[in-house]
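The values are calculated or read from the model by the stated rules, or taken from the named source; none is laboratory data. Note that the structure is predicted; figures quoted are calculated from it, not measured. Please note: Cβ atoms are built from the backbone with ideal geometry, for glycine as well, and neighbour counts cover all protein chains shown. For the accessible areas, the whole protein counts, side chains as well, though only heavy atoms, and no ligand, DNA or RNA atoms are used. Shrake-Rupley method; radii C 1.70, N 1.55, O 1.52, S 1.80 Å.
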Amino acid sequence: HHSCGPRRRRTSRLGGLTSMSTLHLAIDLGASSGRVIAGTLSGGTITMTEIARFRNRPIALPTRRGDYLYWDILDLWESIDQGLARIDALTSLTPTSIGVDTWGVDYALLGRNGELLANPSCYRCPRTDTAPEQFYADLARDEHYRRTGIQFQQFNTVFQLIAAAGSTSLQHAEQALLMPDLLTSWLGGEPHTDITNASTTALLDPVTRDWDDAVGAVVEKQTGRRPAELFAPLVEPGTVVGQRRDAQVVTVASHDTASAVVAVPTDAPNPYFISCGTWSLVGVERTQPLTSDAACAANMTNELGYGRTVRFLKNIMGLWVLNECARHWNDADIPTLCAQAASIPAGHCVIPINDHRLFAPGDMPARIRAIAAEQGQPQPHTQAEVTRCIIDSLALAYRRALHTTEALTGTPLNTVHMVGGGINSTLLCQLTADATGIPVVAGPTEGTALGNLVVQAAATTPLGADREAVREIIRASVTTTMYYPRSEQLALWDRLDATISH
């Protein structure tokens, strides 16, 4: 391996406006922020312009069972609406299409007239704490995995439905819509369920790409509602579902990770990827799900993607941990924290970043110190030390997830593509290369929005839904940075891998 650090490589040319230009609008909502982004397709490239950016945080409201977390969906909708209102002032082009992507698993319940019956719950809400135990009383956990191929996480939609059993809103709901499908319907689309987001629910069979009857029967027994009847009809990404003024409303790869992986700038048939944002999703793109006993034991997940693909991956806690630390430090500047962390020695303190104690909001630095003490690691005290601990711990988790994926799938691990906001940290990118011992291709940063836009373009322009044509546009539209592993660092990561708990 090369021992040098990052190298930029060419990939980008910006197409100017021509008579053949088309304008597409991406609404891209993450679990901590939202964006409205305009994409101009011209000359074989997509040029992106951020129209609006706004905060997204769950709201804690008191209930008789303690504080529950909800999404402020009305505030999000107002921010989206205000962002869309700015388009006319910025370009003379009429938008050709519009599409929405968001995080997975969460849903809204609607009444007879399509009205919202309750604020959508946030997946970090503690209401699901006991739901898995209840669900698995009627279906064995390994059987559930064989049927859905979804990593066990207590916030999966199936467990959210179990937790909602007996609630007025679930009893009276005419329909449930996952978060991107809700917003797409408000934009003018017919109610539908995009299959990429539906696959995160642990209710779907990844082989048939349809609701699983056995899982649905357990949900119906425990809640009185059958998912196949409660949720809107399933559609594949790239389906035109309605009209907003002159723009076609398109269901994109609406799970944000699905859109991010569309934007991986490669021509490899089975690329390895790390989508690093609030969550880190680490895995490989395939054509078939893998639901073996070994995959179940490793708690891997099979999520469905654009072009009838499957993302075989591991969910890792991600930059949520750092974001929550920054919030605790009076909204400290994250780029500054990352720059300060670079002065801390590698491996100073490393913890299992997927520890369940890091999941809920709260005093994250104190939790990190407690976990470090349990691991026999030096407790990080300064902001720089805590930040370095998080970044090193993410790199170790990436290493383990990639090596596990390679062992389970047999797909050779030669290069990994990193996309998403996490690549703004050159330290994280370089440490990922060091820890894994393989080159890292970093870019694009706004991969989710770019994947959203290119699926719209494929659905509404002569480009067509050819997967190779889509990836060619991606490769022409982004700039990437190469990070090569430093061979002298590998022994350190081997030692950390052997000593830090999984």
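Number of residues in the range 258-284 that are more than 19 Å from Ser425 (Cα to Cα) and among the β-branched types (Val, Ile, Thr): the value is 4.
One line per residue, one yes/no per condition, for (1) out of contact with any Leu (no Cβ under 8 Å at 6 or more places or on another chain); (2) modelled with pLDDT of 90 or more; (3) under 16 Å from Val470 (Cα atoms):
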site: Pro6; (1), (2), (3): yes, no, no
site: Ser12; (1), (2), (3): yes, no, yes
site: Thr18; (1), (2), (3): yes, no, no
site: Thr22; (1), (2), (3): no, yes, yes
site: Leu25; (1), (2), (3): no, yes, no
site: Asp28; (1), (2), (3): yes, yes, no
site: Val36; (1), (2), (3): no, yes, no
site: Gly39; (1), (2), (3): no, yes, yes
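Taking Thr63, is it over 20 Å from the mean Cα position of the chain (by Cα) and either closer than 27 Å to Ala476 by Cα or modelled with pLDDT of 95 or more (or both)? So Thr63 fails the test. Among residues of the range 407-435 that are free of Cβ contacts under 8 Å to residues at least 24 places away in the same chain and more than 21 Å from Met300 (Cα to Cα), none has a Cβ under 9 angstrom from a residue that is charged (D, E, K, R) and open to solvent by 40 Å² or more (accessible area, probe 1.4 Å) at a sequence gap of 6+ or on a separate chain. Regarding the range 126-135, can at least one residue be identified that is of a type in the set (A, V, I, L, M, F, W, C), within 24 Å of the chain's Cα centre (by Cα) and surrounded by 20 or more Cβ atoms within 10 Å (Cβ to Cβ)? Looking through the range 126-135, at least one residue is of a type in the set (A, V, I, L, M, F, W, C), within 24 Å of the chain's Cα centre (by Cα) and surrounded by 20 or more Cβ atoms within 10 Å (Cβ to Cβ).
Where helices (runs of 4 or more DSSP H) sit wholly within the range 383-502, those with at least 2 residues that are among the aliphatic types (A, V, I, L, M) and within 19 Å of the chain's Cα centre (by Cα) occupy 383-409, 447-460.
Is it fair to say Leu402 is surrounded by fewer than 22 Cβ atoms within 10 Å (Cβ to Cβ) and either farther than 23 Å from Ala258 by Cβ or at pLDDT 95 or above (or both)? The answer is no for Leu402.
When the residues of the range 149-158 are filtered to those that are closer than 20 Å to Thr208 by Cβ and not hydroxyl-bearing (Ser, Thr, Tyr), the one that is surrounded by the fewest Cβ atoms within 10 Å (Cβ to Cβ) is Gln151. In the range 322-336 there is no residue matching the filter, namely being of a type in the set (A, V, I, L, M, F, W, C) and touching a Lys or Arg at 6+ places or on another chain (Cβ under 7 Å).
Taken across the range 297-314, residues that are modelled with pLDDT of 95 or more, open to solvent by 40 Å² or more (accessible area, probe 1.4 Å) and either touching a His at 6+ places or on another chain (Cβ under 8 Å) or not basic (Lys, Arg) (or both) do occur, with at least one present.
Of the residues examined, Arg146 is not one that is basic (Lys, Arg), in a loop (DSSP other than H, G, I, E, B) and either more than 25 Å from Gly99 (Cβ to Cβ) or open to solvent by less than 40 Å² (accessible area, probe 1.4 Å) (or both).
What number of residues within the range 318-342 satisfy the criterion of being more than 21 Å from the chain's Cα centre (by Cα) and either open to solvent by less than 10 Å² (accessible area, probe 1.4 Å) or within 29 Å of Met300 (Cα to Cα) (or both)? Adding up the residues that qualify gives 2. Here the range 478-502 is the region considered, the condition is being of a type in the set (S, T, N, Q) and closer than 20 Å to Pro265 by Cβ, and the residue that is most open to solvent (accessible area, probe 1.4 Å) is Thr479. Within the option set Leu74, Leu109, Leu93, Leu161, being assigned to a strand (DSSP E or B) and either touching a residue at least 40 places away in the same chain (Cβ under 8 Å) or open to solvent by 50 Å² or more (accessible area, probe 1.4 Å) (or both) holds for one residue only, Leu109. Residue pairs whose Cβ atoms lie under 7 Å apart, sitting 6 or more positions apart in sequence or on different chains, and linking a residue in the range 226-250 that is free of Cβ contacts under 8 Å to residues at least 40 places away in the same chain to a partner that is surrounded by fewer than 22 Cβ atoms within 10 Å (Cβ to Cβ) and not in a strand (DSSP E or B), are Arg226/Gly216; Arg226/Glu220; Ala228/Gly216.
Considering the range 369-397, and only residues there that are of a type in the set (D, E, K, R) and open to solvent by 10 Å² or more (accessible area, probe 1.4 Å), the residue that is nearest to Gln489 (Cα to Cα) turns out to be Arg388. When restricted to residues that are in contact with an Asp or Glu (Cβ under 6 Å, 6 or more places away or on another chain) and surrounded by 18 or more Cβ atoms within 10 Å (Cβ to Cβ), the range 411-467 contains 3. Would it be correct to say that Pro345 is closer than 23 Å to Tyr123 by Cβ, open to solvent by 10 Å² or more (accessible area, probe 1.4 Å) and either in contact with a Leu (Cβ under 7 Å, 6 or more places away or on another chain) or not acidic (Asp, Glu) (or both)? Judged against the criteria, Pro345 is not a match.
Between Thr309, Thr291, Thr301, the distinction of being without any contact (Cβ under 8 Å) to a residue 60 or more places away in the chain, in contact with a strand residue (DSSP E or B) (Cβ under 7 Å, 6 or more places away or on another chain) and either under 19 Å from Gly447 (Cβ atoms) or not aliphatic (A, V, I, L, M) (or both) belongs to Thr309 only.
Of all the residues in the range 144-158, those that are at negative phi, of a type outside the set (A, V, I, L, M, F, W, C) and in contact (Cβ under 8 Å) with a residue 60 or more places away in the chain number 7.
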